[in-house]
Each structure stands twice: as C-alpha cells, then as structure tokens.
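Take a look at the structure below.
The values are calculated or read from the model by the stated rules, or taken from the named source; none is laboratory data. Every value quoted in this text rests on a predicted model; they were computed, and no experiment measured them. Cβ: placed from backbone, ideal geometry, glycine included. Neighbour counts: every protein chain shown.
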Amino acid sequence: MSTIGPKKLTPNPANTIFDPLPENVYQALKNDIAERGLLNPILCTPDFTVIAGHHRLKAALELKLECVPRLTTKFSPHHAGAGTYRLSGE
C-alpha cells in the first residue's frame, strides 16, 4: 500500500452503472473521513484508474486531502467485476 494525491486518480467510467449513495449516507462517510482520515485504501490500476473507492475519492477531493492510501491492481479497468485481479503493494 502507498499514498497518492487524490487529483491524480481517475474514476472508472464503468462505475456509472452503480447508483450514488443516498445523501445522508455519503455525508456520514465524508464526516467520518474528515474526523478519522481515509482508513480503507482506494483500489486502482497502475494508470491510476479507480476500481473501488469512488465515494471515498469524491469525499477526499471535497475535503481537499493532500494524499490518500491506495492499493494497485494489475488488471485493466475493463475487467472490473470479473474477479480476476491481483493486488500489488505499490
């Protein structure tokens, strides 16, 4: 696991198939991140495309966090959801 500036991460366009969190749930997430920091890393590809953690990324950007934890996976974002990925510590 490493850290990265959230502005360097790009949301996966395929993520638009998921409904956004209800506003009260999103605000609770954002408040928790503001209070305790981002505890769960954002999963991304080597080219910094987000696979999991889109709501956490949105909150981090709104909170103007300088860096967020990330885990890198070695697969294309086109395979997201296929369950065929491998995590790396980068």
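Can you tell which of 78, 55 is surrounded by fewer than 20 Cβ atoms within 10 Å (Cβ to Cβ), more than 16 Å from residue 27 (Cα to Cα) and either at pLDDT 80 or above or not small (Gly, Ala, Ser) (or both)?
Details: 55 fails: more than 16 Å from residue 27 (Cα to Cα).
It is 78.
Checking residue 64 against (1) over 14 Å from the mean Cα position of the chain (by Cα); (2) surrounded by fewer than 13 Cβ atoms within 10 Å (Cβ to Cβ); (3) in a loop (DSSP other than H, G, I, E, B); (4) modelled with pLDDT under 95: exactly one of these is not met. Which one?
Every condition holds for residue 64 apart from (4).
Name the single residue, out of those in the range 1-26 being more than 15 Å from residue 69 (Cβ to Cβ) and outside any helix (DSSP H, G or I), that is farthest from the chain's Cα centre (by Cα).
22
From 45, 72, grab the single residue that is polar (S, T, N, Q), under 16 Å from residue 8 (Cα atoms), touching a helix residue (DSSP H, G or I) at 6+ places or on another chain (Cβ under 8 Å) and modelled with pLDDT under 95.
Within the list 45, 72, the selection yields 45.
Return the residues of the range 43-71 that are under 23 Å from residue 17 (Cα atoms) and acidic (Asp, Glu); say none if nothing qualifies. Reasoning before the result, please.
So the first thing to find is which residues in the range 43-71 are under 23 Å from residue 17 (Cα atoms), and the list is 43-62, 70-71.
If the condition is that a residue be under 23 Å from residue 17 (Cα atoms) and acidic (Asp, Glu), then 47, 62 are the ones that fit.
Just to be sure I understand, how many residues within the range 27-47 are exposed (fewer than 15 other Cβ atoms within 10 Å of the Cβ) and either touching a Pro at 6+ places or on another chain (Cβ under 9 Å) or in a loop (DSSP other than H, G, I, E, B) (or both)?
Matching residues across the range 27-47 total 5.
Would you mention how many residues in the range 1-50 are among the basic types (Lys, Arg) and either free of Cβ contacts under 8 Å to residues at least 40 places away in the same chain or over 20 Å from residue 63 (Cα atoms) (or both)? Step through it out loud before you land on a result.
Filtering the range 1-50 for residues among the basic types (Lys, Arg) gives 7-8, 30, 36.
From what is left, the residues that are either free of Cβ contacts under 8 Å to residues at least 40 places away in the same chain or over 20 Å from residue 63 (Cα atoms) (or both) are 30, 36.
The qualifying residues number 2.
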